[in-house]
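Single-structure report; data block below.
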Amino acid sequence: MLLSLVKIIVFFVIVAVVAYGGVLLLETEGGVQMAFGGYEIALGPLQAVIAFVALLVTLWLALKVIGLVLAFVKFLMGDETAISRYFDRNRERKGFEALADGMLALASGEGRLAMSKAAKAEKYLRKPELTNLLTAQAAEASGDKKKAEETYKRLLSDDRTRFVGVRGILKQRLDAGDTDTALKLAEKAFAIKPKHVETQDVLLKLQAEKGEWSAARRTLSAKLKHGAIPRDVHKRRDAVLALSAAKDILDDGASIETREAAIEANKKSPDLIPAAVMAADKLVEAGNGKQAARILKKAWQAQPHPDLAAAFARIEPNETPAQRLKRFGALTKLKPDDPETKMLLAELQIANEDFPAARRALGNLAEINPTSRSLTILAAVERGEGGSDVVVRGWLTRALTAPRGPQWVCDNCNTVHSEWGPVCSNCNGFDTMSWRQPAQSEVAMPAGTEMLPMIVGEAEPTVEVLDVDVATETEASPVMTDAEVVEDVASKTEDKK
(Lines give C-alpha, C1' and ligand atoms only; values in the text may rest on other atoms or scores of the structure.)
Protein backbone atom coordinates (compact mmCIF):
# COMPACT_ATOMS: atom_id res chain seq x y z
CA MET A 1 0.00 0.00 0.00
CA LEU A 2 2.74 2.46 0.95
CA LEU A 3 4.79 1.53 -2.12
CA SER A 4 1.81 2.19 -4.42
CA LEU A 5 1.27 5.60 -2.83
CA VAL A 6 4.94 6.47 -3.33
CA LYS A 7 4.73 5.47 -7.01
CA ILE A 8 1.68 7.69 -7.56
CA ILE A 9 3.37 10.64 -5.89
CA VAL A 10 6.53 10.19 -7.99
CA PHE A 11 4.41 10.01 -11.18
CA PHE A 12 2.65 13.30 -10.40
CA VAL A 13 5.96 14.97 -9.55
CA ILE A 14 7.43 13.91 -12.91
CA VAL A 15 4.34 15.17 -14.78
CA ALA A 16 4.53 18.47 -12.92
CA VAL A 17 8.23 18.90 -13.73
CA VAL A 18 7.66 18.15 -17.43
CA ALA A 19 4.75 20.58 -17.58
CA TYR A 20 6.77 23.28 -15.84
CA GLY A 21 9.64 22.70 -18.24
CA GLY A 22 7.26 23.02 -21.20
CA VAL A 23 5.97 26.33 -19.88
CA LEU A 24 9.51 27.65 -19.49
CA LEU A 25 10.36 26.63 -23.04
CA LEU A 26 7.27 28.43 -24.41
CA GLU A 27 8.23 31.60 -22.58
CA THR A 28 11.86 31.39 -23.74
CA GLU A 29 12.81 33.65 -26.69
CA GLY A 30 14.98 32.52 -29.60
CA GLY A 31 15.06 29.13 -31.21
CA VAL A 32 16.94 26.89 -33.61
CA GLN A 33 17.48 27.56 -37.33
CA MET A 34 18.56 24.77 -39.71
CA ALA A 35 19.49 25.32 -43.37
CA PHE A 36 20.22 22.59 -45.93
CA GLY A 37 19.69 22.15 -49.68
CA GLY A 38 18.27 25.67 -50.09
CA TYR A 39 15.73 25.11 -47.34
CA GLU A 40 15.67 26.87 -43.98
CA ILE A 41 13.74 25.66 -40.97
CA ALA A 42 13.23 27.77 -37.84
CA LEU A 43 12.13 26.03 -34.62
CA GLY A 44 11.18 27.52 -31.34
CA PRO A 45 12.70 26.20 -28.06
CA LEU A 46 9.84 23.80 -27.35
CA GLN A 47 9.73 22.64 -30.92
CA ALA A 48 13.49 22.03 -30.89
CA VAL A 49 13.22 19.82 -27.82
CA ILE A 50 10.33 17.86 -29.35
CA ALA A 51 12.27 17.44 -32.56
CA PHE A 52 15.33 16.19 -30.69
CA VAL A 53 13.28 13.60 -28.79
CA ALA A 54 11.62 12.52 -32.04
CA LEU A 55 15.03 12.13 -33.63
CA LEU A 56 16.18 9.84 -30.81
CA VAL A 57 13.03 7.74 -31.10
CA THR A 58 13.51 7.49 -34.84
CA LEU A 59 17.11 6.34 -34.44
CA TRP A 60 16.03 3.72 -31.87
CA LEU A 61 13.31 2.44 -34.20
CA ALA A 62 15.75 2.36 -37.10
CA LEU A 63 18.17 0.19 -35.10
CA LYS A 64 15.34 -2.16 -34.18
CA VAL A 65 14.22 -2.43 -37.79
CA ILE A 66 17.80 -3.09 -38.92
CA GLY A 67 18.11 -5.83 -36.30
CA LEU A 68 14.83 -7.38 -37.43
CA VAL A 69 15.94 -7.28 -41.07
CA LEU A 70 19.23 -8.96 -40.18
CA ALA A 71 17.37 -11.65 -38.19
CA PHE A 72 15.06 -12.21 -41.18
CA VAL A 73 18.04 -12.55 -43.50
CA LYS A 74 19.61 -15.11 -41.14
CA PHE A 75 16.31 -16.99 -41.09
CA LEU A 76 16.26 -17.12 -44.89
CA MET A 77 19.83 -18.42 -44.81
CA GLY A 78 18.83 -21.42 -42.65
CA ASP A 79 18.95 -20.15 -39.03
CA GLU A 80 15.49 -21.27 -37.90
CA THR A 81 15.67 -19.60 -34.49
CA ALA A 82 17.04 -16.22 -35.61
CA ILE A 83 13.70 -14.38 -35.51
CA SER A 84 12.61 -15.96 -32.17
CA ARG A 85 15.95 -15.04 -30.62
CA TYR A 86 15.51 -11.48 -31.78
CA PHE A 87 12.18 -11.12 -29.99
CA ASP A 88 13.36 -13.06 -26.89
CA ARG A 89 16.47 -10.97 -26.40
CA ASN A 90 14.73 -8.37 -24.33
CA ARG A 91 12.96 -11.03 -22.24
CA GLU A 92 16.29 -12.72 -21.54
CA ARG A 93 17.82 -9.44 -20.43
CA LYS A 94 14.99 -8.85 -18.00
CA GLY A 95 15.10 -12.47 -16.84
CA PHE A 96 18.80 -12.45 -16.13
CA GLU A 97 18.51 -9.13 -14.33
CA ALA A 98 15.81 -10.65 -12.10
CA LEU A 99 17.97 -13.73 -11.57
CA ALA A 100 20.96 -11.59 -10.56
CA ASP A 101 18.79 -9.55 -8.19
CA GLY A 102 17.47 -12.76 -6.67
CA MET A 103 20.97 -14.09 -6.06
CA LEU A 104 21.98 -10.82 -4.39
CA ALA A 105 18.85 -10.92 -2.23
CA LEU A 106 19.61 -14.52 -1.24
CA ALA A 107 23.18 -13.61 -0.31
CA SER A 108 21.79 -10.75 1.80
CA GLY A 109 19.44 -13.10 3.66
CA GLU A 110 16.26 -11.70 2.08
CA GLY A 111 14.55 -15.00 1.32
CA ARG A 112 11.11 -13.63 0.39
CA LEU A 113 12.57 -11.07 -2.02
CA ALA A 114 14.75 -13.76 -3.59
CA MET A 115 11.69 -15.96 -4.15
CA SER A 116 9.81 -13.16 -5.92
CA LYS A 117 12.82 -12.41 -8.11
CA ALA A 118 13.13 -16.11 -8.94
CA ALA A 119 9.48 -16.19 -10.01
CA LYS A 120 10.04 -13.14 -12.22
CA ALA A 121 13.16 -14.71 -13.74
CA GLU A 122 11.24 -17.89 -14.52
CA LYS A 123 8.51 -15.83 -16.23
CA TYR A 124 11.03 -14.29 -18.63
CA LEU A 125 13.65 -17.03 -19.00
CA ARG A 126 11.68 -20.28 -18.75
CA LYS A 127 14.83 -22.02 -17.53
CA PRO A 128 13.77 -24.06 -14.48
CA GLU A 129 17.26 -25.52 -14.04
CA LEU A 130 18.33 -22.02 -12.95
CA THR A 131 15.24 -20.52 -11.38
CA ASN A 132 14.19 -23.65 -9.42
CA LEU A 133 17.54 -23.79 -7.69
CA LEU A 134 17.24 -20.15 -6.65
CA THR A 135 13.65 -20.71 -5.54
CA ALA A 136 14.60 -23.74 -3.42
CA GLN A 137 17.47 -21.96 -1.71
CA ALA A 138 15.36 -18.86 -1.15
CA ALA A 139 12.59 -21.00 0.37
CA GLU A 140 15.12 -22.58 2.72
CA ALA A 141 16.43 -19.16 3.73
CA SER A 142 12.90 -17.92 4.46
CA GLY A 143 12.01 -21.07 6.44
CA ASP A 144 9.52 -22.49 3.93
CA LYS A 145 10.84 -26.07 3.98
CA LYS A 146 7.80 -27.52 2.25
CA LYS A 147 8.20 -25.30 -0.80
CA ALA A 148 11.95 -25.94 -0.80
CA GLU A 149 11.45 -29.71 -0.89
CA GLU A 150 8.82 -29.43 -3.63
CA THR A 151 11.22 -27.36 -5.71
CA TYR A 152 14.12 -29.76 -5.12
CA LYS A 153 11.88 -32.59 -6.31
CA ARG A 154 11.28 -30.72 -9.57
CA LEU A 155 15.04 -30.61 -10.08
CA LEU A 156 15.10 -34.42 -10.10
CA SER A 157 13.45 -34.54 -13.52
CA ASP A 158 16.46 -32.99 -15.28
CA ASP A 159 19.72 -34.91 -15.61
CA ARG A 160 21.69 -31.68 -15.23
CA THR A 161 20.08 -30.81 -11.89
CA ARG A 162 19.31 -34.27 -10.46
CA PHE A 163 22.33 -34.28 -8.14
CA VAL A 164 21.44 -30.82 -6.81
CA GLY A 165 17.90 -31.97 -6.12
CA VAL A 166 19.00 -35.15 -4.33
CA ARG A 167 21.54 -33.22 -2.28
CA GLY A 168 18.98 -30.58 -1.30
CA ILE A 169 16.43 -33.17 -0.13
CA LEU A 170 19.24 -35.03 1.67
CA LYS A 171 20.11 -31.95 3.71
CA GLN A 172 16.46 -31.48 4.61
CA ARG A 173 16.13 -35.09 5.75
CA LEU A 174 19.24 -34.71 7.87
CA ASP A 175 17.87 -31.55 9.47
CA ALA A 176 14.63 -33.40 10.22
CA GLY A 177 16.53 -36.31 11.81
CA ASP A 178 15.28 -38.85 9.26
CA THR A 179 18.58 -40.72 8.94
CA ASP A 180 17.05 -43.77 7.25
CA THR A 181 15.82 -41.75 4.27
CA ALA A 182 18.97 -39.63 4.38
CA LEU A 183 21.13 -42.73 4.01
CA LYS A 184 19.25 -43.82 0.87
CA LEU A 185 19.51 -40.32 -0.58
CA ALA A 186 23.23 -40.17 0.22
CA GLU A 187 23.75 -43.47 -1.59
CA LYS A 188 21.88 -42.11 -4.62
CA ALA A 189 23.88 -38.86 -4.58
CA PHE A 190 27.11 -40.85 -4.28
CA ALA A 191 26.12 -42.96 -7.29
CA ILE A 192 25.56 -39.79 -9.34
CA LYS A 193 28.76 -38.02 -8.24
CA PRO A 194 31.18 -40.39 -6.51
CA LYS A 195 33.93 -37.73 -6.45
CA HIS A 196 31.88 -35.22 -4.44
CA VAL A 197 33.72 -34.93 -1.10
CA GLU A 198 30.79 -33.68 0.99
CA THR A 199 28.59 -36.52 -0.24
CA GLN A 200 31.34 -39.03 0.59
CA ASP A 201 31.62 -37.67 4.13
CA VAL A 202 27.86 -37.66 4.74
CA LEU A 203 27.47 -41.20 3.40
CA LEU A 204 30.39 -42.51 5.45
CA LYS A 205 29.04 -40.90 8.61
CA LEU A 206 25.53 -42.29 8.10
CA GLN A 207 26.85 -45.78 7.31
CA ALA A 208 28.97 -45.71 10.47
CA GLU A 209 25.99 -44.58 12.56
CA LYS A 210 23.89 -47.43 11.17
CA GLY A 211 26.67 -49.99 11.69
CA GLU A 212 26.97 -50.81 7.98
CA TRP A 213 30.71 -51.40 8.25
CA SER A 214 31.28 -53.19 4.94
CA ALA A 215 29.50 -50.44 2.99
CA ALA A 216 31.41 -47.80 4.97
CA ARG A 217 34.71 -49.45 4.03
CA ARG A 218 33.75 -49.29 0.34
CA THR A 219 32.94 -45.60 0.71
CA LEU A 220 36.25 -45.04 2.46
CA SER A 221 38.07 -46.79 -0.38
CA ALA A 222 36.30 -44.50 -2.84
CA LYS A 223 37.53 -41.47 -0.87
CA LEU A 224 41.09 -42.78 -1.16
CA LYS A 225 40.67 -43.56 -4.86
CA HIS A 226 39.49 -40.04 -5.66
CA GLY A 227 42.15 -38.38 -3.49
CA ALA A 228 39.79 -37.08 -0.81
CA ILE A 229 41.92 -38.40 2.11
CA PRO A 230 45.62 -39.22 2.59
CA ARG A 231 46.64 -42.87 2.54
CA ASP A 232 47.66 -42.95 6.22
CA VAL A 233 44.26 -41.57 7.30
CA HIS A 234 42.53 -44.15 5.13
CA LYS A 235 44.58 -46.92 6.73
CA ARG A 236 43.67 -45.79 10.24
CA ARG A 237 39.94 -45.37 9.52
CA ASP A 238 39.75 -48.63 7.63
CA ALA A 239 41.19 -50.29 10.73
CA VAL A 240 38.48 -48.63 12.85
CA LEU A 241 35.79 -49.98 10.51
CA ALA A 242 37.36 -53.44 10.48
CA LEU A 243 37.43 -53.44 14.28
CA SER A 244 33.80 -52.36 14.44
CA ALA A 245 32.89 -55.18 12.06
CA ALA A 246 34.80 -57.58 14.31
CA LYS A 247 32.78 -56.44 17.32
CA ASP A 248 29.55 -57.09 15.46
CA ILE A 249 30.78 -60.55 14.51
CA LEU A 250 31.66 -61.12 18.17
CA ASP A 251 28.08 -60.31 19.13
CA ASP A 252 26.96 -62.98 16.71
CA GLY A 253 29.31 -65.50 18.30
CA ALA A 254 31.44 -66.24 15.20
CA SER A 255 34.82 -66.65 16.93
CA ILE A 256 36.97 -67.59 13.91
CA GLU A 257 35.66 -64.68 11.84
CA THR A 258 36.09 -62.39 14.84
CA ARG A 259 39.70 -63.41 15.27
CA GLU A 260 40.46 -62.82 11.60
CA ALA A 261 38.69 -59.43 11.57
CA ALA A 262 40.43 -58.33 14.78
CA ILE A 263 43.85 -59.33 13.47
CA GLU A 264 43.12 -57.52 10.19
CA ALA A 265 42.21 -54.34 12.11
CA ASN A 266 45.38 -54.62 14.19
CA LYS A 267 47.55 -55.06 11.09
CA LYS A 268 46.07 -51.97 9.48
CA SER A 269 46.64 -49.82 12.57
CA PRO A 270 48.85 -51.44 15.27
CA ASP A 271 48.47 -48.38 17.53
CA LEU A 272 44.67 -48.72 17.68
CA ILE A 273 44.29 -49.89 21.27
CA PRO A 274 40.89 -51.68 21.05
CA ALA A 275 42.08 -53.56 17.95
CA ALA A 276 45.26 -54.68 19.71
CA VAL A 277 43.29 -55.85 22.76
CA MET A 278 40.74 -57.79 20.72
CA ALA A 279 43.39 -59.36 18.49
CA ALA A 280 45.45 -60.39 21.52
CA ASP A 281 42.45 -61.95 23.27
CA LYS A 282 41.55 -63.94 20.17
CA LEU A 283 45.13 -65.14 19.78
CA VAL A 284 45.18 -66.23 23.42
CA GLU A 285 41.97 -68.19 22.84
CA ALA A 286 43.71 -69.85 19.90
CA GLY A 287 46.70 -70.74 22.10
CA ASN A 288 49.11 -68.23 20.53
CA GLY A 289 50.19 -66.25 23.57
CA LYS A 290 53.55 -65.20 22.11
CA GLN A 291 51.94 -63.48 19.13
CA ALA A 292 49.44 -61.82 21.46
CA ALA A 293 52.29 -60.50 23.61
CA ARG A 294 54.05 -59.08 20.54
CA ILE A 295 50.89 -57.27 19.46
CA LEU A 296 50.37 -55.76 22.92
CA LYS A 297 53.99 -54.67 23.26
CA LYS A 298 53.85 -52.92 19.90
CA ALA A 299 50.68 -51.10 20.91
CA TRP A 300 52.14 -50.23 24.34
CA GLN A 301 55.17 -48.72 22.66
CA ALA A 302 52.83 -46.47 20.66
CA GLN A 303 50.67 -45.51 23.66
CA PRO A 304 50.53 -47.20 27.08
CA HIS A 305 46.96 -47.92 28.18
CA PRO A 306 45.29 -49.82 31.06
CA ASP A 307 43.39 -52.06 28.64
CA LEU A 308 46.67 -53.21 27.10
CA ALA A 309 47.99 -54.10 30.56
CA ALA A 310 44.81 -56.02 31.38
CA ALA A 311 45.05 -57.95 28.09
CA PHE A 312 48.72 -58.68 28.80
CA ALA A 313 47.70 -60.09 32.18
CA ARG A 314 45.09 -62.34 30.56
CA ILE A 315 47.81 -64.14 28.61
CA GLU A 316 48.81 -65.94 31.83
CA PRO A 317 45.81 -65.64 34.17
CA ASN A 318 47.02 -68.15 36.79
CA GLU A 319 50.55 -66.85 37.45
CA THR A 320 51.65 -65.63 40.88
CA PRO A 321 52.24 -61.91 41.56
CA ALA A 322 56.01 -62.46 41.46
CA GLN A 323 55.78 -64.26 38.14
CA ARG A 324 53.52 -61.57 36.77
CA LEU A 325 55.89 -58.83 37.89
CA LYS A 326 58.76 -60.56 36.11
CA ARG A 327 56.78 -61.18 32.90
CA PHE A 328 55.51 -57.59 32.79
CA GLY A 329 59.11 -56.40 32.68
CA ALA A 330 59.04 -56.93 28.91
CA LEU A 331 56.18 -54.41 28.74
CA THR A 332 57.23 -51.82 31.32
CA LYS A 333 60.76 -51.44 29.98
CA LEU A 334 59.44 -50.13 26.67
CA LYS A 335 58.37 -46.71 28.03
CA PRO A 336 59.61 -46.52 31.64
CA ASP A 337 58.98 -42.78 32.06
CA ASP A 338 55.35 -42.87 30.97
CA PRO A 339 52.83 -42.24 33.81
CA GLU A 340 50.88 -45.35 32.84
CA THR A 341 54.02 -47.49 33.16
CA LYS A 342 54.77 -46.05 36.62
CA MET A 343 51.26 -46.73 37.84
CA LEU A 344 51.29 -50.24 36.39
CA LEU A 345 54.57 -51.05 38.16
CA ALA A 346 53.22 -49.67 41.43
CA GLU A 347 50.13 -51.88 41.13
CA LEU A 348 52.22 -54.94 40.34
CA GLN A 349 54.41 -54.26 43.38
CA ILE A 350 51.33 -53.85 45.57
CA ALA A 351 50.04 -57.20 44.32
CA ASN A 352 53.48 -58.62 45.21
CA GLU A 353 53.18 -56.95 48.67
CA ASP A 354 56.38 -54.94 48.13
CA PHE A 355 55.04 -51.58 49.23
CA PRO A 356 58.36 -49.63 49.38
CA ALA A 357 59.01 -50.72 45.78
CA ALA A 358 55.51 -49.55 44.85
CA ARG A 359 56.27 -46.12 46.32
CA ARG A 360 59.54 -45.94 44.39
CA ALA A 361 57.77 -46.95 41.18
CA LEU A 362 55.37 -44.00 41.51
CA GLY A 363 58.18 -41.52 42.10
CA ASN A 364 56.91 -37.95 42.04
CA LEU A 365 54.02 -38.66 39.68
CA ALA A 366 51.35 -37.53 42.15
CA GLU A 367 53.14 -34.25 42.77
CA ILE A 368 53.30 -33.22 39.13
CA ASN A 369 49.94 -34.62 37.98
CA PRO A 370 47.74 -36.07 40.74
CA THR A 371 44.75 -38.18 39.68
CA SER A 372 42.19 -40.23 41.56
CA ARG A 373 43.99 -43.42 40.55
CA SER A 374 47.45 -42.37 41.72
CA LEU A 375 46.14 -41.11 45.04
CA THR A 376 44.18 -44.34 45.55
CA ILE A 377 47.30 -46.39 44.86
CA LEU A 378 49.17 -44.22 47.34
CA ALA A 379 46.46 -44.91 49.92
CA ALA A 380 46.98 -48.63 49.27
CA VAL A 381 50.73 -48.19 49.80
CA GLU A 382 50.11 -46.37 53.09
CA ARG A 383 47.78 -49.14 54.22
CA GLY A 384 50.29 -51.79 53.22
CA GLU A 385 53.08 -50.07 55.14
CA GLY A 386 50.91 -49.92 58.25
CA GLY A 387 49.85 -46.28 58.02
CA SER A 388 47.06 -44.99 60.20
CA ASP A 389 43.44 -44.98 59.12
CA VAL A 390 43.43 -41.17 59.24
CA VAL A 391 46.26 -40.96 56.68
CA VAL A 392 44.65 -43.54 54.40
CA ARG A 393 41.30 -41.74 54.54
CA GLY A 394 43.07 -38.47 53.77
CA TRP A 395 44.54 -39.85 50.54
CA LEU A 396 41.25 -41.44 49.55
CA THR A 397 39.43 -38.15 50.13
CA ARG A 398 41.93 -36.34 47.94
CA ALA A 399 41.35 -39.01 45.31
CA LEU A 400 37.63 -38.23 45.45
CA THR A 401 38.14 -34.66 44.24
CA ALA A 402 41.18 -35.25 41.99
CA PRO A 403 40.96 -35.50 38.17
CA ARG A 404 40.33 -38.98 36.84
CA GLY A 405 43.25 -38.84 34.41
CA PRO A 406 43.26 -39.81 30.72
CA GLN A 407 39.98 -41.08 29.28
CA TRP A 408 38.37 -41.66 25.90
CA VAL A 409 37.47 -38.14 24.76
CA CYS A 410 35.82 -37.03 21.52
CA ASP A 411 38.05 -34.56 19.68
CA ASN A 412 35.00 -32.81 18.18
CA CYS A 413 32.77 -32.16 21.19
CA ASN A 414 35.07 -33.16 24.13
CA THR A 415 32.51 -35.66 25.42
CA VAL A 416 34.04 -38.24 27.80
CA HIS A 417 33.16 -41.88 27.07
CA SER A 418 33.53 -44.84 29.37
CA GLU A 419 34.84 -46.98 26.51
CA TRP A 420 36.09 -46.55 22.96
CA GLY A 421 33.67 -46.56 20.05
CA PRO A 422 33.94 -45.81 16.32
CA VAL A 423 31.25 -43.09 16.56
CA CYS A 424 30.81 -40.44 19.26
CA SER A 425 27.48 -40.92 21.05
CA ASN A 426 27.06 -37.16 21.42
CA CYS A 427 28.03 -35.57 18.08
CA ASN A 428 28.09 -38.73 15.91
CA GLY A 429 31.64 -37.94 14.82
CA PHE A 430 33.42 -40.85 13.16
CA ASP A 431 36.88 -41.86 14.45
CA THR A 432 37.11 -38.93 16.85
CA MET A 433 37.99 -40.82 20.05
CA SER A 434 41.42 -40.27 21.57
CA TRP A 435 42.92 -41.35 24.89
CA ARG A 436 43.82 -38.11 26.65
CA GLN A 437 43.20 -35.91 29.65
CA PRO A 438 39.82 -34.12 29.34
CA ALA A 439 39.97 -30.35 29.06
CA GLN A 440 38.12 -30.14 32.37
CA SER A 441 36.56 -32.53 34.85
CA GLU A 442 33.28 -33.96 33.61
CA VAL A 443 31.98 -34.21 37.19
CA ALA A 444 31.41 -31.02 39.16
CA MET A 445 32.03 -31.71 42.85
CA PRO A 446 30.45 -29.62 45.63
CA ALA A 447 32.69 -26.88 46.97
CA GLY A 448 32.54 -28.42 50.43
CA THR A 449 34.59 -31.41 49.31
CA GLU A 450 37.69 -29.20 49.46
CA MET A 451 37.40 -29.40 53.28
CA LEU A 452 37.13 -33.19 53.40
CA PRO A 453 40.87 -33.89 53.80
CA MET A 454 40.93 -31.56 56.83
CA ILE A 455 37.85 -33.26 58.32
CA VAL A 456 38.90 -36.89 57.86
CA GLY A 457 42.60 -36.26 58.32
CA GLU A 458 45.36 -34.75 56.20
CA ALA A 459 48.07 -36.90 54.65
CA GLU A 460 51.22 -36.82 56.75
CA PRO A 461 53.76 -34.28 55.48
CA THR A 462 56.48 -36.91 55.26
CA VAL A 463 54.49 -38.90 52.70
CA GLU A 464 55.22 -38.14 49.05
CA VAL A 465 52.24 -37.05 46.92
CA LEU A 466 51.93 -39.37 43.96
CA ASP A 467 49.44 -39.96 41.10
CA VAL A 468 47.87 -42.88 39.18
CA ASP A 469 44.65 -44.48 37.71
CA VAL A 470 44.55 -48.13 36.72
CA ALA A 471 43.74 -51.38 38.50
CA THR A 472 45.97 -53.72 40.46
CA GLU A 473 46.83 -57.26 39.44
CA THR A 474 46.46 -59.99 42.04
CA GLU A 475 46.46 -63.76 41.96
CA ALA A 476 42.68 -63.91 41.78
CA SER A 477 42.05 -61.10 39.31
CA PRO A 478 44.41 -59.48 36.80
CA VAL A 479 42.70 -56.09 37.19
CA MET A 480 41.06 -54.57 40.28
CA THR A 481 39.23 -51.31 40.91
CA ASP A 482 40.79 -48.59 43.05
CA ALA A 483 38.50 -49.38 46.00
CA GLU A 484 39.32 -53.09 45.71
CA VAL A 485 43.03 -52.23 45.83
CA VAL A 486 42.70 -50.61 49.25
CA GLU A 487 40.33 -53.31 50.56
CA ASP A 488 42.66 -56.07 49.37
CA VAL A 489 45.71 -54.45 50.95
CA ALA A 490 43.76 -53.79 54.14
CA SER A 491 42.70 -57.46 54.41
CA LYS A 492 46.25 -58.65 53.85
CA THR A 493 47.55 -56.20 56.46
CA GLU A 494 45.00 -57.41 58.99
CA ASP A 495 45.97 -61.01 58.26
CA LYS A 496 49.62 -60.22 58.98
CA LYS A 497 48.69 -58.54 62.22
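From the list GLY143, GLY177, GLY165, which residue is surrounded by 16 or more Cβ atoms within 10 Å (Cβ to Cβ) and not basic (Lys, Arg)?
Checking each option against the conditions leaves just GLY165.
Do we have ASP337 as free of Cβ contacts under 8 Å to residues at least 60 places away in the same chain, outside any helix (DSSP H, G or I) and under 25 Å from ARG217 (Cα atoms) here?
Criteria not met by ASP337.
Between residues in region 345-365 that are farther than 13 Å from PRO321 by Cβ and residues that are among the hydroxyl-bearing types (Ser, Thr, Tyr) and part of a helix (DSSP H, G or I), which pairs lie under 8 Å by C-beta distance while being six or more apart or on different chains?
Final answer for the pair search is LEU362/SER374; LEU365/SER374.
Taking the residues in region 245-256 that are modelled with pLDDT of 70 or more and of a type outside the set (A, V, I, L, M) as candidates, determine which candidate is nearest to ALA302 (Cα to Cα).
Looking at residues that are modelled with pLDDT of 70 or more and of a type outside the set (A, V, I, L, M), I get LYS247.
So for region 400-414 (the condition being more than 30 Å from ALA245 (Cα to Cα) and either modelled with pLDDT of 90 or more or not in a loop (DSSP other than H, G, I, E, B) (or both)), does at least one residue qualify?
Yes, there is a match, as at least one residue in region 400-414 is more than 30 Å from ALA245 (Cα to Cα) and either modelled with pLDDT of 90 or more or not in a loop (DSSP other than H, G, I, E, B) (or both).
Report the residue count in region 394-414 for those that are touching a helix residue (DSSP H, G or I) at 6+ places or on another chain (Cβ under 9 Å) and surrounded by fewer than 18 Cβ atoms within 10 Å (Cβ to Cβ).
Residues meeting the conditions: 3.
Which residue out of ALA279, ALA302 is of a type in the set (A, V, I, L, M, F, W, C) and under 13 Å from LYS247 (Cα atoms)?
Exactly one residue qualifies, and that residue is ALA279.
Being under 16 Å from the mean Cα position of the chain (by Cα) and surrounded by 15 or more Cβ atoms within 10 Å (Cβ to Cβ) is the filter here; which residues of region 180-219 pass it?
Scanning region 180-219 gives THR199, GLN200, ASP201, VAL202, LEU203, LEU204, LYS205, LEU206, GLN207, ALA208, GLU209.
Do we find that GLN323 is assigned to a helix (DSSP H, G or I), within 28 Å of LYS298 (Cβ to Cβ) and out of contact with any helix residue (DSSP H, G or I) (no Cβ under 9 Å at 6 or more places or on another chain) in this structure?
Against the criterion (assigned to a helix (DSSP H, G or I), within 28 Å of LYS298 (Cβ to Cβ) and out of contact with any helix residue (DSSP H, G or I) (no Cβ under 9 Å at 6 or more places or on another chain)), GLN323 qualifies.
Between a residue in region 150-164 that is over 18 Å from GLU187 (Cβ atoms) and small (Gly, Ala, Ser) and any residue that is modelled with pLDDT under 90 and outside any loop (DSSP other than H, G, I, E, B), which pairs come within a Cβ distance under 7 Å, given they are 6 or more apart or on different chains?
Here the result reads none, with nothing in region 150-164 linked to a residue that is modelled with pLDDT under 90 and outside any loop (DSSP other than H, G, I, E, B).
Just to be sure, is GLY227 part of a loop (DSSP other than H, G, I, E, B) and within 22 Å of the chain's Cα centre (by Cα)?
Considered against the rule, which asks whether it is part of a loop (DSSP other than H, G, I, E, B) and within 22 Å of the chain's Cα centre (by Cα), GLY227 comes out as yes.
Can you tell me which of (1) farther than 26 Å from VAL233 by Cβ; (2) surrounded by fewer than 18 Cβ atoms within 10 Å (Cβ to Cβ); (3) without any contact (Cβ under 8 Å) to a residue 40 or more places away in the chain is the one GLN301 doesn't meet?
Only one criterion is unmet by GLN301, namely (1).
Being charged (D, E, K, R), farther than 21 Å from LYS193 by Cβ and more than 27 Å from the chain's Cα centre (by Cα) is true for just one of LYS127, LYS145. Which residue is that?
Sole residue among the options that is charged (D, E, K, R), farther than 21 Å from LYS193 by Cβ and more than 27 Å from the chain's Cα centre (by Cα): LYS127.
Can you tell me which residue in region 415-428 is surrounded by the fewest Cβ atoms within 10 Å (Cβ to Cβ), limited to those that are part of a loop (DSSP other than H, G, I, E, B) and touching a strand residue (DSSP E or B) at 6+ places or on another chain (Cβ under 6 Å)?
Filtering first and then ranking leaves TRP420.
Exactly one of (1) in a loop (DSSP other than H, G, I, E, B); (2) small (Gly, Ala, Ser); (3) buried (at least 21 other Cβ atoms within 10 Å of the Cβ) is unmet by GLY287. Its number?
Tallying (1) in a loop (DSSP other than H, G, I, E, B); (2) small (Gly, Ala, Ser); (3) buried (at least 21 other Cβ atoms within 10 Å of the Cβ), GLY287 fails exactly one: (3).
Kindly indicate which of ASP281, ASP248, ASP307, ASP238 is among the acidic types (Asp, Glu), in a helix (DSSP H, G or I) and under 22 Å from ALA361 (Cα atoms).
Checking each option against the conditions leaves just ASP307.
Given (1) touching a helix residue (DSSP H, G or I) at 6+ places or on another chain (Cβ under 7 Å); (2) more than 18 Å from ARG236 (Cα to Cα); (3) in contact (Cβ under 8 Å) with a residue 60 or more places away in the chain, identify the lone condition not met by PHE430.
(2)
The values are calculated or read from the model by the stated rules, or taken from the named source; none is laboratory data. Small disclaimer: the values here were computed from a predicted structure and weren't measured. Using ideal geometry, Cβ is built from the backbone for each residue, glycine included, and neighbour counts are taken over all protein chains shown.
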